[in-house]
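In what follows, a single structure is set out as structure tokens and then discussed.
The values are calculated or read from the model by the stated rules, or taken from the named source; none is laboratory data. Keep in mind that this is a model prediction, so the values were computed, not measured. Here the Cβ is made from the backbone with ideal geometry for all residues, glycine too, and neighbour counts use every protein chain on show.
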Amino acid sequence: MKALPGGNEADVHEIHVRPGRDFKLEQVGDFRNVVEGERCPHCEQGRLKFSRGIEMGHIFKLGTKYSDKLNAQFLNSSGKKEPMIMGCYGIGISRLLSAVAEQYHDDRGMIWPMSVAPFQVHLILISSKNEQQIQAAERLYADLSQQGIEVLYDDRNESAGVKFKDSELIGIPLRITVGKNAEQGEVELTVRKDGHSKLVSIDEIVNQVKEKVMLPLHSFK
């Protein structure tokens, strides 16, 4: 394999260049691709491990492509005008969602961390024909929304099984189920992450949800 040194000009390369004669060698070595399991060259203890990653953001050097067109200039140390060298950076929202889905899920679907969840509570009405359940669900939706809690309200005319399956697939952190216990003034609160459920008084459910939603973000992942 031959190396063609650059000629300090676009698309120009030098030929018949001899290292040591035409330029000083600063470093010489054998180079190859690393292999998983190789020891650390410094401590000889650690071993190299490969793992998959996802690119979350980008940084681009734009040069003077746009500053030339915009006539965006500055004065250098000699007082001469020069075009600004521009750059840009950004986080890919779609890539962020992919990373969250990759890290937070189980065999039933997504498990949104509270810090980035599109909704904080999934409110499920079991029977769209039961007046007590409807009134309780509507009341909870209004009370939670008034507290600034983002709620996805499922009042579809579907079976409970379909609604629960969809709820697990979507993976909103907290689920409130308004079912037959509404007649006794209770609803079911379920944590999507571990599946833990308990019956809570309708009068207390908003406060309990607020406590969970307002927890430090690192403690409710």
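Couple of notes before you dig in:
- Scope the range 137-182; condition polar (S, T, N, Q) and touching an Asp or Glu at 6+ places or on another chain (Cβ under 8 Å); matching residues: Ser167, Thr177, Asn181
- Long-range neighbours under 7 Å by Cβ, at least six apart or interchain, first residue free of Cβ contacts under 8 Å to residues at least 60 places away in the same chain within the range 157-168, second among the aliphatic types (A, V, I, L, M): Ala160/Ile126; Lys163/Ile124; Ser167/Ile124
- Options Gln147, Gln120; residue that is in contact (Cβ under 8 Å) with a residue 24 or more places away in the chain and crowded, with 18+ Cβ neighbours inside 10 Å: Gln120
- Being within 30 Å of Thr177 (Cα to Cα), surrounded by 11 or more Cβ atoms within 10 Å (Cβ to Cβ) and not hydroxyl-bearing (Ser, Thr, Tyr) is not true of Met86.
- Residue in the range 101-114 that is aromatic (Phe, Trp, Tyr), surrounded by 13 or more Cβ atoms within 10 Å (Cβ to Cβ) and free of Cβ contacts under 8 Å to residues at least 24 places away in the same chain present: no
- Scanning the range 185-211 for residues that are of a type in the set (A, V, I, L, M, F, W, C) and either surrounded by 15 or more Cβ atoms within 10 Å (Cβ to Cβ) or out of contact with any strand residue (DSSP E or B) (no Cβ under 7 Å at 6 or more places or on another chain) (or both) yields Val187, Leu189, Val191, Val200, Ile202, Ile205, Val206, Val209.
- Selection status of Gln132, under 24 Å from Lys212 (Cβ atoms) and either of a type outside the set (A, V, I, L, M, F, W, C) or in contact (Cβ under 8 Å) with a residue 60 or more places away in the chain (or both): no
- Taken over the range 13-32, the residue count meeting the criterion of being assigned to a loop (DSSP other than H, G, I, E, B) and surrounded by 10 or more Cβ atoms within 10 Å (Cβ to Cβ) is 3.
- Subset of the range 71-95 [in contact with a Pro (Cβ under 9 Å, 6 or more places away or on another chain) and hydrophobic (A, V, I, L, M, F, W, C)]: Ala72, Phe74
- Of note, Leu97 satisfies the criterion of being at pLDDT below 95 and more than 15 Å from Ser167 (Cα to Cα).
Residues are listed down the side, and each one gets a yes or a no for (1) small (Gly, Ala, Ser); (2) on the phi < 0 side of the Ramachandran plot; (3) out of contact with any Gly (no Cβ under 8 Å at 6 or more places or on another chain); (4) modelled with pLDDT under 85:
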{"site": "Leu4", "(1), (2), (3), (4)": "no, yes, yes, yes"}
{"site": "Val12", "(1), (2), (3), (4)": "no, yes, no, no"}
{"site": "His16", "(1), (2), (3), (4)": "no, no, yes, no"}
{"site": "Ser51", "(1), (2), (3), (4)": "yes, yes, yes, no"}
{"site": "Met56", "(1), (2), (3), (4)": "no, yes, no, yes"}
{"site": "Lys61", "(1), (2), (3), (4)": "no, yes, no, no"}
{"site": "Thr64", "(1), (2), (3), (4)": "no, yes, yes, no"}
{"site": "Asn71", "(1), (2), (3), (4)": "no, no, yes, no"}
